[in-house]
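Read-outs: derived from the displayed coordinates by stated rules, not from any lab. Every value quoted in this text rests on a predicted model; they were computed, and no experiment measured them. Note that we place each Cβ from the backbone using ideal geometry, even for glycine, and neighbour counts take in every protein chain shown.
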Amino acid sequence: MEKGELIGRGRTAEIYAWGNDRVLKLYFDWCPAGLAEQEAIAQRAVHSAGLPSPRLDDIIHLENRHGVVMERITGPTMADVLGKQPWRILELARLQAGLHARLHSNTLPQLEASRLNLWGRIARVKAIPLPAKQALMKSLVDLPDGDAICHLDFHPMNIIMSPRGPVIIDWVSAGKGNPLLDVARTWLVLTQAAWPFPFPYNVVINPLRRLFFLEYFRHYRQLHPIDRGQFSVWRQIIIAARLVENIPAEQKKLLAFLKLPAAEKE
């Protein structure tokens, strides 16, 4: 079978139609070969557990690239709905919080430990001075662990509002661990990450992002009480791990959040 029309494109992969009812997620050729298998393991596990995710069919190699074939979920993303119906922002933030709390109430032993992934990412960051990096890694070791399902990229662009209800996509980063590390990652994406909104749209959208997070966070804490002190430390860990991606529009802001001089190197 040949890949069909291009449906979407992200930083690591493209999504193509694959027949009438499936899609092909094809990773770029610079991505590690193991990413497709990693996503397949996670997605099969969460789907088998009855969580709202696409059914994964196969791992393939096409055009010197690795990919996964999965069920095609129809419907707009939650982000698309927000763009067209911004008055639903509080309702949708609460919906995302409920989905996230549901994930964190489940565990799957076959998922990899997210703590190990974060450790490796922080170890590779070059923008953090060695003493600060060692302190962050010690904090990571000292924080309570867990075995909850952690999506680690949970935001409105990864939730499809399908006719059968919301479906969570993009499981390539999923693992198991403390739920707060997953909430901290959502905080980063919603409030700190660079989104491609030019002026003047960013003047309106960025405050809405913060409002969405605040309502999400408020409702999540009602469903899944958290330790605010631990959450603050997890935010530091998540920011440090994000720095390994070296996104120019984010680096200075994230280093400032860690209270580190942007120009200083190891």
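What per residue convex hull volume, in Å³, do the alpha-carbon atoms of the range 78-257 yield?
On the way: hull volume 21.6 nm³, N = 180.
Each residue corresponds to 120 Å³ of Cα convex hull volume.
Using only Cα atoms, figure out Rg for the range 6-71 and give it as a multiple of 2.2 N^0.38 Å. Could the numbers behind the result be given before it?
Working: Rg = 11.5 Å, N = 66, 2.2 N^0.38 = 10.8 Å.
Rg over 2.2 N^0.38 Å, computed on Cα atoms: 1.06.
Just add up the charged neighbours of SER139: K/R +1, D/E -1, any other residue whose Cβ is under 15 Å from the Cβ of SER139. It works out to a net charge of +3. Cβ crowding within 10 Å ranks CYS31, CYS150 as CYS31, CYS150, fewest other Cβ atoms first. Pairs of Lys residues in the chain, spaced 8 or more positions apart or belonging to different chains, with C-alpha separations under 20 angstrom: 15 in total.
Think of each Lys and Arg Cβ as +1 and each Asp and Glu Cβ as -1; about the Cα centre, that makes the dipole of the chain roughly 920 debye. When the Gaussian network model of the chain links Cα atoms closer than 10 Å, the mean-square fluctuations of ARG164, ARG55, ARG102 top out at ARG164. Projecting the Cα positions of ASN64, LEU108, PHE213 onto the charge dipole of the chain (unit charges on Cβ atoms of Lys, Arg, Asp and Glu, taken about the Cα centre) puts PHE213 furthest along the positive direction.
The sum of -39500 (n - 2.57) across all DSSP H runs of n ≥ 4, divided by the residue count of the chain, sets its helix-only mean residue ellipticity at 222 nm to -15000 deg cm²/dmol.
Can you give me the span-like helices of the chain, meaning DSSP H runs with 30 Å or more of Cα extent along the axis and Kyte-Doolittle mean at or above -1.0? It would help to have the intermediate numbers written out before the result.
Working: long enough: 201-223 (33 Å, -0.18).
Long hydrophobic helices here: 201-223.
Computed over neighbours whose Cβ is under 11 Å from that of GLU39, the net charge equals 0, Lys and Arg +1, Asp and Glu -1.
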